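The numbers here are math on the coordinates, done by the rules we state, and not lab data. Nothing here was measured: the structure is a model prediction, and the numbers come from that model. With ideal geometry, Cβ positions are generated from the backbone for all residues, glycine too; neighbour counts draw on all protein chains shown.
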Ligand code: NAD
């Protein structure tokens, strides 16, 4: 399957385009129009995308509502087995999904297919949960009474997507939501629209009944907002920026009926290098943390905090590696393009702004030469940045990182905790005591000792604190807490004696 000229919605198990949507005159577009999808690697328009709004959302929600009850009654091991088949199909279709992810994001091939592998692994993990989905048996203080907890499906899940890992993003939400017995309506990211449709075909082929999985295309205010605001949606699972996450939370709180809201948001992740660190290892992993996926990772290492005593040694080891990062989308390349022209222009402007306010640019800062019109940015490093500057405080979501010099451990922890984010943090040290102190004192959802700022697996709960999340974790068995309601069941065995 190549990339289609017109990216449709996926509703009730079929592709829906502006000419086939309900209310459209055959052969004529409905109210829904289209927008362009460009390949970030070369700025070419590769498709028109159906621009969904309230009508398409209503269609998708009716489809989900019609299918939800029967799916919820399907035995959990059977739902798990369907996800197992989906994993097998994903592996068989690795090249197809790799091509879609690469066309949408421009990321290097190895990173595109890594998404396929990790998504298949997640489906396998969730298949296993189909044989568990444990509740509890609780003791009763009253004779002839038993108490247990069950995990019940919630009903309809709205899953709102970011752009940076389109396939993993869909898998991370949809596989656990389906395992738990929910029907799903995905709102694709407008910059990576087709992945969720290809997943629709995959799930249909794996045996997911029609209507259980749906995907609507469109922009946030047009297609995301009516989905979030609909009282039929029982759980809103959102991954994206902290600003949009707060807006989603507000929209749900203003509905007639509340819903569970799971927010997986941005990060401004510190990478601390102590004076007892392995400097070469730290330099390798700082580069990977900052520049893989062009820094468009919630867990990217965007603040590198280095002890004064090793600052110069680390700086030269780090900058030597930064100069060698291979920018491009080829087989050996490491740092792909950013997602859009607007993103590239914004990033260059933010770096220029920081320099105007006193920062020193020590690497990059411009569009990568020779790769235009692709949206490739040079791996960029800033120094002498105030910890209170805009680029220190806000997630940039691009291949830009800052170096900070600190006197010692306490200053490093203060700086690490000195933003409104709290997603991941890494520390490089051979001191067990320092490592333990960092684990205890860093305010974040993931701490990495002598590693990169990122690190995820199907069994590992991932999420943040402060403006990086609202307490939920995906995936792992903790994802089951997002997509089920706990029901406490009290049974009196001898009616009349209770
Ligand atoms: P974004 O907030 O701009 O958009 C995310 C989604 O929200 C898109 O689908 C968008 O269309 C939708 N949206 C926008 N306005 C909306 C509205 N008014 N109502 C409903 N939906 C709306 O984020 P982005 O730039 O696309 O994604 C990057 C962000 O995602 C970064 O902040 C990154 O850190 C974060 N992220 C977090 C994790 C995590 O697990 N914590 C993982 C990946 C990405």
For the chain, the Cα-Cα pair-distance distribution in 10 Å bins from 0, as whole percents, is 4, 19, 28, 25, 15, 6, 2, 0, 0
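For 433, 189, which order do you get if you count the other beta carbons within 10 Å of each Cβ and list the fewest first? All intermediate terms of the calculation are to be shown ahead of the outcome.
Numbers: 433 9, 189 25.
Arranged by neighbour count, lowest to highest, 433, 189 become 433, 189.
If you take the Cα Rg of segment 331-375 and divide it by 2.2 N^0.38 Å, with N the number of residues, what do you get? The partial results should precede the final answer.
Details: Rg = 11.9 Å, N = 45, 2.2 N^0.38 = 9.3 Å.
Compared with the compact-globule rule of thumb, segment 331-375 sits at 1.27.
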Consider a paramagnetic label point 7 Å from the Cα of residue 494 along Cα→Cβ; state which residues of segment 117-149 have an amide N under 20 Å from it. 139-148
Suppose each label sits 7 Å from its Cα in the direction of the beta carbon; what would the residue 253-residue 320 distance come out to in nanometres? 5.2
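Quickly estimate the mean residue ellipticity at 222 nm for the chain, helices only: each DSSP H run with n ≥ 4 gives -39500 (n - 2.57), and the total goes over all residues, rounded to 500.
Numbers: 15 runs with 186 residues, N = 498.
Rounded to the nearest 500, the figure is -11500 deg cm²/dmol.
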Rounding to the nearest 10 and keeping the result within 0 to 90°, find how far the Cα-based axis of helix 166-179 lies from the longest principal axis of the chain. 30
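Expected output is a single nm value to one decimal: the length gained when fully extending between residue 352 and residue 70, i.e. 0.36 nm times separation in residues minus the C-alpha distance. What is it?
Working: separation 282, 0.36 × 282 = 101.52 nm, distance 5.58 nm.
Full extension of this stretch gives 95.9 nm more.
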Based on the alpha carbon coordinates of segment 405-498, what radius of gyration and maximum Cα-Cα distance (Dmax) apply, in Å? 19.8, 73
What is the chain's relative contact order, in percent, from Cα pairs under 8 angstrom and six or more apart in sequence? 18
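By how many nm would the segment from residue 440 to residue 152 lengthen if fully extended, with 0.36 nm per residue of separation less the alpha-carbon distance?
Working: separation 288, 0.36 × 288 = 103.68 nm, distance 3.47 nm.
That pair, residue 440 and residue 152, stretches by 100.2 nm at full extension.
Taking 22 Å as R0, compute the FRET efficiency from the Cβ-Cβ separation of residue 450 and residue 478 and round it to 0.05. Don't skip to the end; give the middle numbers.
Details: r = 25 Å, r/R0 = 1.13.
In this case the efficiency is close to 0.35.
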By per-residue mean of other Cβ atoms within 10 Å, what is the highest-first order of 266-279, 437-450, 56-69? 266-279, 56-69, 437-450
Obtain the nm distance between the two label points defined at residue 134 and residue 460 by a simple spin-label model: each point lies 7 Å from its Cα along the Cα-to-C-beta direction. 2.3
0 to 90° range, to nearest 10: angle between helix 76-92 axis and the chain longest Cα axis: 50
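For each of 253, 188, count neighbouring Cβ atoms within 10 Å of the residue's Cβ, then give the residues from fewest to most.
Ranked by crowding around the Cβ, least crowded first: 253, 188.
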Calculated Rg and Dmax of segment 224-378 using C-alpha coordinates, Å: 19.6, 59
Which whole-angstrom value gives the distance between the alpha carbon centres of segment 61-106 and segment 328-362? 35
For residue 117 and residue 386 in the same chain, what is the full-extension length gain: residue separation times 0.36 nm, less their Cα-Cα distance, in nm? 92.8 nm
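From the convex hull of the Cα coordinates of segment 140-287, what is the mean projected area in square nanometres?
Details: hull surface 61.7 nm².
One quarter of the hull surface, i.e. the mean projection, equals 15.4 nm².
Go through 159-171, 84-96 and give me the packing order, highest mean Cβ count within 10 Å leading. Please report the intermediate quantities before stating the final value.
Numbers: 159-171: 25.5, 84-96: 17.8.
Listed from highest to lowest mean packing, they are 159-171, 84-96.
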Mind pulling the angle between the C-alpha long axis of helix 308-324 and the longest principal axis of the chain? Nearest 10 degrees, somewhere in 0 to 90. 70
